[in-house]
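Structure record follows, encoded as structure tokens.
The values are calculated or read from the model by the stated rules, or taken from the named source; none is laboratory data. All of these numbers come straight from a predicted model, not from anything done at the bench. Quick reminder, even Gly has a Cβ in these numbers, built from the backbone with ideal geometry, and neighbours come from all protein chains shown. Accessible surface areas use protein heavy atoms only, side chains included; no ligands, DNA or RNA. Shrake-Rupley method; radii C 1.70, N 1.55, O 1.52, S 1.80 Å.
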Amino acid sequence: MSLYTPLFHGSSLSDCFSDRALLQGMLDFEAALTRAQASCDMVPREAAAAINACCQAERLDSDALARDAALAGNIVIPLVKQLTAVVRGEDEQAARYVHWGATSQDAIDTGLILQLRAALEQAETQLNRLITALTRQVGDHAASLMPGRTWLQHALPTTYGLKLAGTLDALLRHRARLNEMRPRLLVIQLGGAAGTLASLKAQGPVVIQALARELALGVPDTPWHSQRDRLLEAAGWFAGLAASLGKFAGDFALLMQTEVAEVSEPVAEGRGGSSTMPHKRNPVTCAAILSSTGRIPGLMAALYAAQNQQHERALGGWQAEWETLPQLATLTGGVLDNALTLVEGMQVYPQKMRQNLDITHGLIMAESVTLALAPQMGKARAHHLVERLCHQALDDNQPLVRLLQQDETVSRYLSESQIASLLDPAGATGSADHFLRQVLARSKESL
């Protein structure tokens with residue numbers, strides 16, 4: 001294990017793509033293939049039973065497999081050789097039926113699909129936990145006023161609940177995409193040497209159906225040896241989920257800046273410290289998320305490039321997937337776990353948010369004054385008037401309310417109490433609560 005694994009890949013998804021899981025996925029294919037063929041009377045049932053008993057990753061020499069795969073070009077060639085030897089040691093006759101009628105890519109691809117199924121199940125579990133935690137935080141902070149920010153500057157008031165609801169809304173869509181994707185992705189691969197399954201002659205379709213039943217996977221209309229859109233879709237789902245959580249972590253880290261200080265990461269012994277500065281509370285969880293999401297686009301680019309696969313068996317493109325897709329998935333698993341830690345334990349400071357609304361002395365509410373004046377004097381004229389007073393407030397370091405109340409044109413249409421009311425951020429969040437409640441309702445229906 002790399003020393004950095006707990007930081008970036010430290011999730012249960014990593015187990016789904018371990019060396020053992022890789023080998024066991026291919027062995028599960030080999031075992032299910034012989035069971036399927038036995039059910040079609042192509043392989044003696046005793047031989048299938050003997051092969052199944054030997055299809056355990058622990059019975060193979062993984063170091064030898066790695067060395068031999070470098071010479072063979074893929075790992076199935078030495079795997080089948082080792083498995084055959086193991087079976088021969090138990091049943092000489094059964095050994096002749098190992099890997100009957102299949103090709104290396106059938107074992108590798110179907111094994112990968114089994115790994116992906118397990119990874120997606122685990123990712124969904126973590127995603128559901130994250131949705132539950134975020135739903136609670138959205139409700140808790142539905143009325144927590146804070147500055148909205150565009151171009152990293154104060155824009156108009158919003159609520160922290162709505163800010164979180166935007167992330168929750170995205171996560172609900174990612175969960176829906178996962179459910180839509182599964183039937184397309186979770187299918188077997190069995191095409192034989194050139195995608196025609198000629199080795200099984202007329203019994204090919206029957207064996208395909210039987211194999212799919214054995215593995216509880218779907219049946220594709222054609223073998224997909226060099227049509228890799230399914231895997232690209234899975235990679236895109238992982239990458240999209242990570243990207244949404246990367247946006248959340250990036251915003252959170254900005255809100256943690258000393259000058260902003262509206263939120264902070266969970267407090268824990270040893271979390272976020274500095275080797276030299278004892279006062280530091282660094283956004284280390286956000287950093288782990290952002291470093292992973294910064295690497296994922298490059299992995300996606302590699303998988304897009306790998307789509308160019310020649311004829312019926314790729315020369316390089318297929319092989320490029322072997323490490324790239326698992327790495328992308330495990331990085332996303334780490335992002336999920338870190339995001340869950342962040343959401344469950346985040347510290348939020350509504351009082352500091354409210355204080356930050358006031359640091360521009362009312363300028364953040366200037367638009368509401370413009371809209372109140374517009375019916376009397378026209379929107380363009382009202383905009384220019386309020387804009388001039390805003391600039392004066394900045395230049396003279398004065399509260400906007402004072403300049404508005406002193407201006408003859410403004411006071412002609414608005415009283416001092418009206419101006420004060422217009423500059424109150426609590427009355428300027430528009431439909432924020434409506435948007436938030438819509439997302440909450442949808443989330444709670446699905447929990």
For a quick size check, give me the Cα extents of the range 18-103 along its three principal axes, largest first, whole Å. 36, 21, 21
How many percent of the accessible area of the chain is carbon or sulfur, using a 1.4 Å probe? 53 percent
When Rg is the radius of gyration of the Cα atoms in the range 307-447 and Rh is its Kirkwood radius, what does Rg/Rh come to? 1.30
Determine the order of F435, F17 by accessible area, beginning with the largest, at a probe radius of 1.4 Å. F435, F17
Taking 0.36 nm per residue of sequence separation and subtracting the Cα-Cα distance, how much length would be gained by fully extending the chain between T258 and E90, in nm to one decimal? 53.7 nm
Residues of the chain: accessible area per residue at 1.4 Å, in Å²? 47 Å²
Compute log10 of I(q)/I(0) for the range 41-200 with the Debye formula, placing one identical point scatterer on every Cα and leaving out solvent, at q = 0.09, 0.11, 0.12 Å⁻¹, to two decimals. -0.55, -0.67, -0.72
Find the percent of Cα-Cα distances in the chain that exceed 29 Å, and round it to a whole number. 59 percent
Which percent of Cα-Cα pairs in the range 159-246 sits in each 10 Å bin, short to long? 15, 34, 23, 15, 9, 3, 0
Angle between the Cα long axis of helix 19-39 and the longest principal axis of the chain, 0 to 90 degrees, nearest 10? 50 degrees
For the range 205-263, what is the Kirkwood estimate of the hydrodynamic radius, computed as the reciprocal of the mean inverse distance between distinct Cα atoms, to one decimal in Å? 15.3 Å
Relative to the longest principal axis of the chain, what angle (0 to 90°, nearest 10) does the C-alpha long axis of helix 229-255 take? 30 degrees
I'd like the orientation of helix 104-140 relative to the chain: the angle between its Cα long axis and the longest Cα principal axis, in ° from 0 to 90, rounded to 10. 30 degrees
Report the residue, chosen from L328, L162, L254, that carries the largest GNM mean-square fluctuation when the chain is represented by alpha-carbon nodes joined by springs under 10 Å. L254
Local electrostatic count, Y97, Cβ distance below 12 Å [Lys/Arg +1, Asp/Glu -1]: 0
Which lysines does K247 reach when only Cα atoms under 17 Å apart count, and residues fewer than 8 places away in its own chain are ignored? K163
